[in-house]
Amino acid sequence: MNYGISVLFRAIPVFMAFICFFLGGFIFLYGPDPAKYVAGPVVFFLGAICLALFATAGTIIRQLIHTYSPVFKYLLPGFGYLVAIVTFISGIWIFGLGTTNYLVSGHVICGVALITACVSTAATSSTKFYLIPQNSHSGSTEINKEGFTAVTEKILTVLTVLFALTAWVWCIVLLSRTSLGSAYLVAGTVMGGLACIASSLVALVASIARQIRNDYGEQDRKFWPKLVFFFGTISVIWGIVLILAMIGNAANTTGFIMIGLGLVCFSISSKVLLLAKVWRQEYALANRIPLIPVITALLCLFLAAFLFEEGLYDNAFFVPARVLTGLGAICFCLFSIVSILESGTSKK
């Protein structure tokens, strides 16, 4: 990891964040379609996740290039949590406006804030990332005294679990109110997909924290990647079932967003899988794992392109086409993170 590449990998999430901000703002401010009040704010605040991913990237990269100071140890994760708080408050204010479109976008933005908080916790758990290659290459099974204490490790994991559980409870509450209108069905369904992402991030935080403390074992190597694949599959299947079960209803297009959220889960799996594969063993294809988020990003963007075309004839595709573009940006940010992890854990 040289300085030039480190700047590039830190610039990618910032660039993707600004794409979300400008695209979301453009959607919201221009055009007569009322659906812009859903798509615009949601795409805009997907940039918050990108900024939290920047905090994670900066935390790891500065350790790799030896420019990590105590200031950045608190500043970068703190920045991520601040973005999460601002996003959450914005979401509450938006759905408090009362209209149907704002109700959907407001609840979804609150879910995005929970994801941002999970990513910020991943940044916090990465503050001692330099110990992961050290523990892996040493072969020792003793707890590293420089790593996290057992209490800190549990706090980091439990905190992420709480964010994920909040998203699941929020999802159930919204779906229980579908009799009040399709807006609750759409918001609850998307919140379920966001809960799948939050649950996947539990695996990432736990993997990083356990490897830093050096209590990552064979059961962890098998369990955490499977957990992420499970939630990614749940989101994709949920989306396909919704599309097929509600043909003729505009709400069925939400299924495409669920597929996109599932692809984000699969992007997260690349990092969890990489950490598992290179822990205390050689893995010849480690430098190929960053291709996973590249593929998922392309799938999101290609799917968005098809939905943009379909939207010329059916306005129901307006929102998913634009939200999938933002999800593609997040997947590309995750390419940056997994590339950084591969560089930091490589034995080359």
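The values are calculated or read from the model by the stated rules, or taken from the named source; none is laboratory data. A quick note: this is a predicted structure, and the numbers were derived from the prediction, not measured. Cβ sites come from the backbone with ideal geometry, for glycine too, and all protein chains shown count toward neighbours. Note: areas computed on protein heavy atoms with side chains; ligands, DNA, RNA excluded. Shrake-Rupley method; radii C 1.70, N 1.55, O 1.52, S 1.80 Å.
Extension gain residue 244-residue 152, at 0.36 nm per residue separation less the Cα-Cα distance, in nm? Intermediate values should be presented prior to the final figure.
On the way: separation 92, 0.36 × 92 = 33.12 nm, distance 4.49 nm.
Result for the pair: 28.6 nm of gain on full extension.
Charges at C-beta only: +1 for Lys and Arg, -1 for Asp and Glu. How large is the resulting dipole of the chain about its Cα centre, in Debye rounded to 20?
780 debye
Would you report the distance distribution of C-alpha pairs in the range 136-187 as whole percents per 10 angstrom bin, up to the bin with the largest distance?
Each 10 Å bin holds this share of Cα pairs: 21, 25, 20, 15, 13, 6.
Write down the accessible area per residue of the chain in Å², having rolled a 1.4 Å probe over the full set of protein chains. Mind showing how you got there, number by number?
Numbers: 14550 Å² over 348 residues.
Solvent-accessible surface per residue comes out at 42 Å².
With runs of 4+ DSSP H residues as the only contributors, calculate the mean residue ellipticity of the chain at 222 nm using -39,500 (n - 2.57) per run, divided by the residue total and rounded to the nearest 500. Write out the running numbers ahead of the final one.
Working: 11 runs with 276 residues, N = 348.
Mean residue ellipticity, 222 nm, calculated: -28000 deg cm²/dmol.
How far is helix 218-245 tilted off the main Cα axis of the chain, in degrees rounded to 10, range 0 to 90?
Orientation of helix 218-245: about 10 degrees from the principal axis.
Return the single residue from 38, 158, 272 with maximal mean-square fluctuation; model: Gaussian network over the chain, springs between Cα atoms under 10 Å.
Sorting by GNM fluctuation, first place goes to 158.
Describe numerically, in nm with one decimal, the distance between label points set 7 Å from Cα along Cα→Cβ at residue 287 and at residue 74.
Roughly 4.0 nm, to one decimal.
Stokes-Einstein D for the range 239-348 at 4 °C, 1.567 mPa s, Kirkwood Rh over Cα pairs, in µm²/s? Don't skip to the end; give the middle numbers.
Numbers: Rh = 14.9 Å.
It comes out at roughly 87 µm²/s.
Explain nothing, just the number: dipole magnitude of the range 185-319 about its Cα centre with +1 on each Lys and Arg Cβ and -1 on each Asp and Glu Cβ, in debye rounded to the nearest 20.
Numbers: 9 positive and 7 negative charges, 133 e Å.
With Lys and Arg at +1 and Asp and Glu at -1, about 640 debye.
Roughly how tilted is helix 318-345, in degrees to the nearest 10 and between 0 and 90, from the longest Cα axis of the chain?
Rounded to the nearest ten degrees, it is 0.
If one computes P(r) from the Cα atoms of the range 1-148, what percent of pairs lie at distances over 23 Å?
Values: 4910 of 10878 pairs.
Tail of P(r) above 23 Å: 45 percent of Cα pairs.
Hey, could you get me the Stokes-Einstein D for the range 143-293, Kirkwood radius over alpha-carbon pairs, 4 °C and 1.567 mPa s, rounded to whole µm² s⁻¹? Working shown, then result.
On the way: Rh = 16.6 Å.
After rounding, the answer is 78 µm²/s.
Would you mind classifying the range 17-74 by shape? Square roots of the alpha carbon gyration tensor eigenvalues, ordered a ≥ b ≥ c; an a/c under 1.5 is rounded, otherwise it is prolate if a/b is larger than b/c and oblate if not.
Numbers: a/c = 5.10, a/b = 4.28, b/c = 1.19.
The shape class here is prolate.
Using only Cα atoms, tell me the angle between helix 3-29 and the longest principal axis of the chain; keep it within 0 to 90° and round to the nearest 10.
It is inclined by approximately 10 degrees.
Stokes-Einstein at 4 °C, 1.567 mPa s, Kirkwood radius from Cα pairs: D for the chain in µm² s⁻¹? Mind dumping the intermediate values first?
On the way: Rh = 20.0 Å.
This corresponds to a translational diffusion coefficient of 65 µm²/s.
For the full complex of protein chains and a 1.4 angstrom probe, list 107, 66 by accessible area with the highest value first.
Working: 107 20, 66 160 Å².
Accessible-area ranking of 107, 66, largest first: 66, 107.
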